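Asks: Take a look at this one; I'll ask things after.
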Amino acid sequence: MQNNHDRPPEAPQIRAKDIFVDPRHVEHSFDLPFWRDDRKLWALKIPAEDMDIDDLRWILDVPFWEDTEGNIVITPSDVIRDMDRFPDHRDRILRCDTSHPIDIMKNRKGEWLTLDGLHRLVKQILEGKKTIRVRKIPPEMVHLTAKDDIDT
């Protein structure tokens, strides 16, 4: 019979931090049942085409970015209004390479939404562009972008 000294100590109970996700994010999100691998997304053989940038302007008012606590509450419009308050996003917007198209897919409401390229979209709006290069990802192909391992 083993005594308590022979048992390994129990792992400490760690509770995941509760985060707040703005309802507008939930309303417009894709709700994919997997984590996406951007490299797999970029590898999809989807042709790029021009799109009127105004068709995507509504995205600026939806929270897609996290605050310092991990809460999904920051909209691109928030960043545009006060770039110095959000230096990480400001720097990503200023540094991003707009020669690459953005990847979009229709969300559950039937609206075109960025899968990849939100910082590039913001930069081109700030530059006053009228059109933007996009790749329209068919919903039946998005599963091909699933991460193999969620730890990577």
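The values are calculated or read from the model by the stated rules, or taken from the named source; none is laboratory data. What you see is a predicted model, and the numbers here were worked out from it, not measured in a lab. Cβ coordinates were reconstructed from backbone atoms using ideal geometry, including for glycine residues, and neighbour counts include every protein chain displayed.
Asks: All but one of (1) surrounded by 15 or more Cβ atoms within 10 Å (Cβ to Cβ); (2) closer than 24 Å to Asp149 by Cα; (3) modelled with pLDDT of 95 or more hold for Lys45; which doesn't?
Replies: (1)
Asks: List the pairs whose first member sits in the range 49-78 and is among the small types (Gly, Ala, Ser), whose second member is surrounded by fewer than 17 Cβ atoms within 10 Å (Cβ to Cβ), and whose Cβ atoms are under 8 Å apart, counting only residues at least 6 apart or on separate chains?
Replies: Partner pairs satisfying both residue conditions: Gly70/Lys17; Gly70/Ile19; Ser77/Asp61.
Asks: Filter the range 80-130 for residues that are more than 15 Å from the chain's Cα centre (by Cα), touching a residue at least 12 places away in the same chain (Cβ under 8 Å) and outside any loop (DSSP other than H, G, I, E, B) and give the result.
Replies: Scanning the range 80-130 gives Ile80, Leu94, Lys123, Gln124, Ile125, Leu126.
Asks: With respect to Gly70, determine if the residue is closer than 30 Å to Asp149 by Cβ, among the small types (Gly, Ala, Ser) and at pLDDT below 95. I'd like the intermediate steps shown before the answer.
Replies: Details: closer than 30 Å to Asp149 by Cβ: yes; among the small types (Gly, Ala, Ser): yes; at pLDDT below 95: yes.
Spelling it out, Gly70 is indeed closer than 30 Å to Asp149 by Cβ, among the small types (Gly, Ala, Ser) and at pLDDT below 95.
Asks: Output yes when any residue across the range 114-128 is farther than 26 Å from Ala43 by Cβ and not aliphatic (A, V, I, L, M), and no when none is.
Replies: The first filter runs over the range 114-128 and keeps only residues farther than 26 Å from Ala43 by Cβ, leaving 125-128.
Within this subset, residues satisfying the condition of being not aliphatic (A, V, I, L, M) are 127-128.
Looking for residues that are farther than 26 Å from Ala43 by Cβ and not aliphatic (A, V, I, L, M), one finds at least one in the range 114-128, hence yes.
Asks: Can you tell me which of (1) outside any strand (DSSP E or B); (2) at pLDDT 90 or above is the one Arg135 doesn't meet?
Replies: Against the list (1) outside any strand (DSSP E or B); (2) at pLDDT 90 or above, Arg135 comes up short only on (1).
Asks: Looking for whichever is polar (S, T, N, Q) and either on the phi > 0 side of the Ramachandran plot or touching a strand residue (DSSP E or B) at 6+ places or on another chain (Cβ under 8 Å) (or both) here; the options are Thr145, Thr98, Thr68. Which one fits?
Replies: Working: Thr98 fails: either on the phi > 0 side of the Ramachandran plot or touching a strand residue (DSSP E or B) at 6+ places or on another chain (Cβ under 8 Å) (or both); Thr68 fails: either on the phi > 0 side of the Ramachandran plot or touching a strand residue (DSSP E or B) at 6+ places or on another chain (Cβ under 8 Å) (or both).
So the residue among Thr145, Thr98, Thr68 that is polar (S, T, N, Q) and either on the phi > 0 side of the Ramachandran plot or touching a strand residue (DSSP E or B) at 6+ places or on another chain (Cβ under 8 Å) (or both) is Thr145.
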